[in-house]
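S.K.: Input: one structure, supplied below.
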Amino acid sequence: YEYIRKKAENVLYDPKIATKEIVDDVFETVNDRNKLIKTLAIAKSAIRHNMSKDLPKMKTPTCIIWGRNDNVTPPEVAEDFHRLLPDSDLYWIEKCGHAAMMEHPDAFNEILYRWLTARQY
């Protein structure tokens, strides 16, 4: 449990965001064999498959919301995604790590809401 807490704190810009509730949720996930296997399969797939050749073919409008201080998947990756996706918008959340929707849920939801409204979804 302590290891999971430390890892959660490292993923977030502000370690205080790693509340007991968040750590408990992650701990439950990694201790559920089925969830863990699925999570590891997704992670391995993301590492093995470079999407840079596929992204230009994706025509779906995409809202990219990224933590400016993400130390798991750095901001340069967001810029690459934005450049490669033909119909994307990139938004930054300052003082934010890898989990923008958890660290700054209000800002994340506001950005997404404005984007969806502008796109008339």
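S.K.: Are any residues in region 68-86 in a loop (DSSP other than H, G, I, E, B) and either open to solvent by less than 50 Å² (accessible area, probe 1.4 Å) or modelled with pLDDT under 95 (or both), and if so, which ones? Give the steps one after another, and end with the answer.
M.R.: Step one: list which residues in region 68-86 are in a loop (DSSP other than H, G, I, E, B), which gives 68-74, 85-86.
Across region 68-86, the qualifying residues are ASP70, ASN71, VAL72, THR73, PRO74, LEU85.
S.K.: Which one of these is in contact (Cβ under 8 Å) with a residue 40 or more places away in the chain and either in a helix (DSSP H, G or I) or under 25 Å from ASN10 (Cα atoms) (or both): ILE37, ILE65, ILE42? Spell out the reasoning first.
M.R.: On the way: ILE37 fails: in contact (Cβ under 8 Å) with a residue 40 or more places away in the chain; ILE42 fails: in contact (Cβ under 8 Å) with a residue 40 or more places away in the chain.
Result of the check over ILE37, ILE65, ILE42: ILE65.
S.K.: Would region 105-112 turn up any residue that is in a helix (DSSP H, G or I), touching a residue at least 12 places away in the same chain (Cβ under 8 Å), surrounded by 15 or more Cβ atoms within 10 Å (Cβ to Cβ) and β-branched (Val, Ile, Thr)?
M.R.: yes
S.K.: Also, I was wondering about something else. Please work out which one of (1) surrounded by 14 or more Cβ atoms within 10 Å (Cβ to Cβ); (2) in contact with a strand residue (DSSP E or B) (Cβ under 9 Å, 6 or more places away or on another chain) is the condition ALA18 fails and give its number.
M.R.: (2)
The values are calculated or read from the model by the stated rules, or taken from the named source; none is laboratory data. All values derive from a computational prediction rather than experimental measurement. So basically every Cβ, Gly included, is an ideal-geometry build from the backbone, and we count neighbours across all protein chains shown. Just so you know, the surface numbers come from the protein's heavy atoms only, side chains and all, with ligands and any DNA or RNA stripped out. Shrake-Rupley method; radii C 1.70, N 1.55, O 1.52, S 1.80 Å.
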